[in-house]
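Beneath this line is the structure, given in structure tokens, with notes to follow.
The values are calculated or read from the model by the stated rules, or taken from the named source; none is laboratory data. Keep in mind it's a predicted model, so treat the numbers as computed, not measured. Note that each Cβ is placed from the backbone with ideal geometry, even for glycine, and that neighbours are counted across all protein chains shown. For the accessible areas, the whole protein counts, side chains as well, though only heavy atoms, and no ligand, DNA or RNA atoms are used. Shrake-Rupley method; radii C 1.70, N 1.55, O 1.52, S 1.80 Å.
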Amino acid sequence: MTDKIYLAKQLRRAMQLYIANLEDESVMMEVADLYPSWEELLAQKKSFPAKTVFKWGINADGETQLWSFISEYTPQALYPPDVDISHYKKVGVTESGVQVWSQPLGATDAYQEGDIVEHNGQTWISDLDGNVWEPGVYGWSVHTA
């Protein structure tokens, strides 16, 4: 049993190191639940460097929302990410507020008809429910609005 616990701890640390070095926001969103929560960072009562990524709340699709610090910052309970926009920014959302496309893992997080995403510099709208295809391959139209 001890060997399994030791191996599980090593695997957890390897995953932490992996996600800490991700830069592609669409990939980050695919593993959003592996990031520490804002509450976990808050409990540490210390300053975190700019671009530290954490999870807090859910996005418009009902999935875990990632955030990052804009600059070095010590999180404070009075100022959660949605209140203090001067210290936090959403990850996986463009400047204009459009969600960055990420590969769905299956039916539970597939895009629905009318969902709008940004992918490869283009804005797309899903033409169907249960859409797991990459925009430009199948089931998406270029969105012009």
Notebook entry, point to check: Taking the condition more than 18 Å from the chain's Cα centre (by Cα), closer than 29 Å to Trp38 by Cβ and at pLDDT below 95, does Val83 pass?
Noted result: yes
Next item on the list: Scan region 64-80 for residues that are touching a Ser or Thr at 6+ places or on another chain (Cβ under 9 Å), under 29 Å from Asp109 (Cα atoms) and outside any strand (DSSP E or B) and jot them down.
Entry: Ile70
Next item on the list: List every residue pair whose Cβ atoms sit under 7 Å apart, with the two residues 6 or more apart in sequence or on different chains, where the first one lies in region 41-52 and is over 11 Å from His87 (Cβ atoms) and the second, anywhere, is among the polar types (S, T, N, Q) and open to solvent by 90 Å² or more (accessible area, probe 1.4 Å).
Entry: none
Check: Considering only region 103-126, how many residues are surrounded by 12 or more Cβ atoms within 10 Å (Cβ to Cβ), out of contact with any strand residue (DSSP E or B) (no Cβ under 6 Å at 6 or more places or on another chain) and in a loop (DSSP other than H, G, I, E, B)?
Finding: 2
Check: Does region 56-101 hold any residues that are hydroxyl-bearing (Ser, Thr, Tyr), open to solvent by less than 50 Å² (accessible area, probe 1.4 Å) and in contact (Cβ under 8 Å) with a residue 24 or more places away in the chain, and which are they?
Finding: Thr64, Tyr73, Thr94
Next item on the list: Hey, could you check region 127-143 for residues that are open to solvent by less than 50 Å² (accessible area, probe 1.4 Å) and in contact with a Ser or Thr (Cβ under 8 Å, 6 or more places away or on another chain) and say which is farthest from Val93 (Cα to Cα)?
Entry: Gly139
Notebook entry, point to check: Of Ser96, Ser102, which residue is closer than 16 Å to Glu63 by Cα, of a type in the set (S, T, N, Q) and modelled with pLDDT under 95?
Noted result: Ser102
Item checked: Residue in region 13-55 that is nearest to Gly121 (Cα to Cα), counting only those that are surrounded by fewer than 11 Cβ atoms within 10 Å (Cβ to Cβ) and charged (D, E, K, R) -> Asp24
